[in-house]
1. Go through the stretch 153-166 and report how many residues are at pLDDT 85 or above and open to solvent by 20 Å² or more (accessible area, probe 1.4 Å).
2. Scanning the stretch 351-363 for residues that are in contact with a helix residue (DSSP H, G or I) (Cβ under 6 Å, 6 or more places away or on another chain) and open to solvent by 40 Å² or more (accessible area, probe 1.4 Å), which turns out modelled with the lowest pLDDT?
3. Can you find, within the stretch 370-395, the residue that is modelled with the lowest pLDDT among those that are of a type in the set (D, E, K, R) and under 23 Å from the mean Cα position of the chain (by Cα)?
4. Kindly provide the set of residues from the stretch 125-152 that are aliphatic (A, V, I, L, M), part of a helix (DSSP H, G or I) and in contact with a helix residue (DSSP H, G or I) (Cβ under 6 Å, 6 or more places away or on another chain), ordered by number.
5. Would you please name the residue that is farthest from ASP286 (Cα to Cα), looking only at residues in the stretch 251-272 that are part of a helix (DSSP H, G or I) and without any contact (Cβ under 8 Å) to a residue 40 or more places away in the chain?
6. Out of LEU244, LEU230, report the one residue that is outside any helix (DSSP H, G or I), aliphatic (A, V, I, L, M) and either farther than 21 Å from GLU91 by Cα or in contact with a helix residue (DSSP H, G or I) (Cβ under 8 Å, 6 or more places away or on another chain) (or both).
7. Right, LEU115: in a helix (DSSP H, G or I) and modelled with pLDDT of 70 or more or not?
8. Please go through the stretch 191-227 and pick out each residue that is part of a loop (DSSP other than H, G, I, E, B), open to solvent by 10 Å² or more (accessible area, probe 1.4 Å) and in contact with a helix residue (DSSP H, G or I) (Cβ under 6 Å, 6 or more places away or on another chain).
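The values are calculated or read from the model by the stated rules, or taken from the named source; none is laboratory data. Just so it is clear, the structure is predicted and the values come from calculations on it, not from any experiment. When we count neighbours, we look across all protein chains shown, and the Cβ atoms used for this are built from the backbone with ideal geometry, even at glycine. For accessibility, only protein heavy atoms count, side chains too; no ligands or nucleic acids. Shrake-Rupley method; radii C 1.70, N 1.55, O 1.52, S 1.80 Å.
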Amino acid sequence: METVILAVVIAVVVLGVLGGLVVGSRRKKSLPPPPPAAPDITAPPAEPHIGDEAETPRDEPRRTIEEVDLPDGSAPPVAEELPPTEIEVPEPTAGRLVRLRARLSRSQNALGKGLLALLSREHLDDDTWEEIEDILLTADVGVTPTQELVEGLRERVKVLGTRTPEELRGLLREELLKLVGTELDRTVKTEPEERKPGIVMVVGVNGTGKTTTTGKLARVLVADGRTVVLGAADTFRAAAADQLQTWGERVGAYTVRGPEGGDPASVAFDAVKEGKEMGVDVVLIDTAGRLHTKTGLMDELGKVKRVVEKHAPLDEVLLVLDATTGQNGLVQARVFAEVVDITGIVLTKLDGTAKGGIVIAVQRELGVPVKLIGLGEGADDLAPFEPEAFVDALIGE
């Protein structure tokens, strides 16, 4: 027992000694420096209020009004004005088709050459005449006109008996002229009696070249000494009005236009009104392209016509047809004629893959003449239709 008590006492003593050593070693370590005193903070200046100065005025030398250099009264410099747009002088319309006949004949000459080759055969049997019919039908002449032409040729060849190349060409020329028609009035009516201006509306389906045709027609009229106002009633196609205005500016014609997507009848009405006030000779109205199968759009075209006629009757309604569409163009022509009373045809792209027979077919379909034809992309490649020059181009020299 005594031994246990003695061990406990020794342990207590040892722990006491160790605790004293630890406390002594901590006291010997240096204490951290005291924290620095809080810095003096200066409050920012107050924000200036309305009417206060942004900063304190500084002393600086000031000048009196006598010491300030004032302008001497001379006019300020004026920016150099751009030269006005140069107005072009279109080519006179007289003889345009004659000048362009070589271009037309290059693409259409197959019709005349094919017919002359068949007619020059020693024996003209039924098979030969059927081949002649096929050539005419392929050239978009149409069934009824083809039958008339073949019957006329057969009768005349049988009566004459001889078939020299010159005689055959002469016979073919005469028969084609009968079908094309030399007695039709192909004048574009732009000079109504007892009033101004003449009013012309241009219609057709999308992609036939109505706006370009309207611009080229303006050049034709200006070349003939007329003054023109253009009505940009195609408010649905983007940039159509800009395109028409560019055509007008080139020949000095004023363009009436409205907002994109606006009422085309309103633009057409304003164009005629402006034309009257300006005293011009002719107002040309370009209309929006529309599918002939869309009844609503066709009704709207009829509305444009009725609104314009509140000023005066239309003198011309020109239907623009793409000659390369062939018989499809006849379907379009039929529908448009029912809505707006077509008075004349403009055939575009006749210098491409088109067949010349479409001239005959469309006149038969509508009972109205072809008045203008387009023979290229040039600004002056719209020409009045001349039957003799056209037939000569078909059959070649």
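1. Residues that pass the stated criteria total 3.
2. Out of the qualifying residues, it is THR353.
3. Within the stretch 370-395, the subset of a type in the set (D, E, K, R) is 371, 377, 380-381, 386, 388, 392.
Okay, now just the ones that are also under 23 Å from the mean Cα position of the chain (by Cα), so 371, 377, 380-381.
Details: LYS371: 94, GLU377: 79, ASP380: 83, ASP381: 84.
Going through the qualifying residues, I end up with GLU377.
4. Passing the criteria: ILE132, ILE135, LEU136, LEU137, LEU149, VAL150.
5. ASP270
6. Values: LEU244 fails: outside any helix (DSSP H, G or I).
Checking each option against the conditions leaves just LEU230.
7. Numbers: in a helix (DSSP H, G or I): yes; modelled with pLDDT of 70 or more: yes.
In short, yes.
8. Step one: filter the stretch 191-227 for residues part of a loop (DSSP other than H, G, I, E, B), giving 191-197, 204-209, 224-227.
If we keep only those that are open to solvent by 10 Å² or more (accessible area, probe 1.4 Å) as well, we get 191-196, 205-207, 209, 224-227.
The answer is VAL205, and nothing else.
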